[in-house]
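The values are calculated or read from the model by the stated rules, or taken from the named source; none is laboratory data. It should be emphasised that the depicted structure is a prediction, and the values quoted were computed from it without experimental measurement. Note that each Cβ is placed from the backbone with ideal geometry, even for glycine, and that neighbours are counted across all protein chains shown. All accessible areas refer to the heavy atoms of the entire protein, side chains included, with ligands and DNA or RNA removed. Shrake-Rupley method; radii C 1.70, N 1.55, O 1.52, S 1.80 Å.
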Amino acid sequence: QVQLVESGGGLVQAGGSLRLSCAAAGHLVGNHALAWLRLAPGKEREFVAADRWSGGSRYYADTVKGRFTISRDNAANTLYLKMSSLKPEDTAVYYCAAGTSGVSTTARRYGYWGQGTQVTVSA
């Protein structure tokens, strides 16, 4: 079992930055995939970024590439998402997710989910 708790969301102006954190509890191993996905009103859940817990497999959605950075602190069991140059269209609830099927852009491949944290970007 893996428990995930996100934090760090909030209201920011366009062009600003935020860093989301995801504290993980439970047994994480190197091949676990950790990901960030987001859900905006009226839209389907969207993949944002992912990596393996052991690192070396970072993958980003085209919509965030060059602006967002996924990272982790294995000693602290924490996953991060640094978001820069934020745009109003980045407004969404951001979820941390973990899975055992490898890095994937597909939400259903992740079996463990946090409760989400709201990010709102004003124009």
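For segment 19-123, the carbon plus sulfur part of the accessible surface works out to 46%, probe radius 1.4 Å. Taking θ as phi - 60° and the Karplus parameters 6.51, -1.76 and 1.60, the scalar couplings of segment 27-41 work out to 8, 9, 10, x, 7, 4, 9, 10, 9, 10, 10, 9, 10, 9, x Hz in sequence order, x denoting glycine and proline.
Considering only protein heavy atoms, what per residue accessible area in square angstrom results for segment 1-73 with a 1.4 angstrom probe? Kindly include the intermediate steps, with their values, before the conclusion.
Numbers: 3740 Å² over 73 residues.
Value for segment 1-73: 51 Å² per residue.
Each Lys and Arg contributes +1 and each Asp and Glu -1, all at the Cβ; summed about the Cα centre of the chain, the dipole is approximately 140 debye.
Residues whose amide H comes within less than 5 Å of that of GLY10, counting only those at least five positions distant or on another chain, are VAL119, THR120 (H built at 1.01 Å from N in the peptide plane).
Which translational diffusion coefficient, to the nearest whole µm²/s, is obtained for the chain from the Stokes-Einstein equation, given a Kirkwood hydrodynamic radius over C-alpha pairs, 4 °C and 1.567 mPa s? Kindly include the intermediate steps, with their values, before the conclusion.
On the way: Rh = 14.1 Å.
D = 92 µm²/s.
Karplus-derived 3J(HN,Hα) values for segment 52-57, using 6.51 cos²θ - 1.76 cosθ + 1.60 with θ = phi - 60°, are 7, 4, 7, x, x, 9 Hz; glycine and proline are entered as x.
Would you work out which of HIS27, TYR59, ALA14 lies farthest towards the positive end of the dipole of segment 1-108? Charges go on Cβ: Lys and Arg +1, Asp and Glu -1. Farthest towards the positive end: TYR59.
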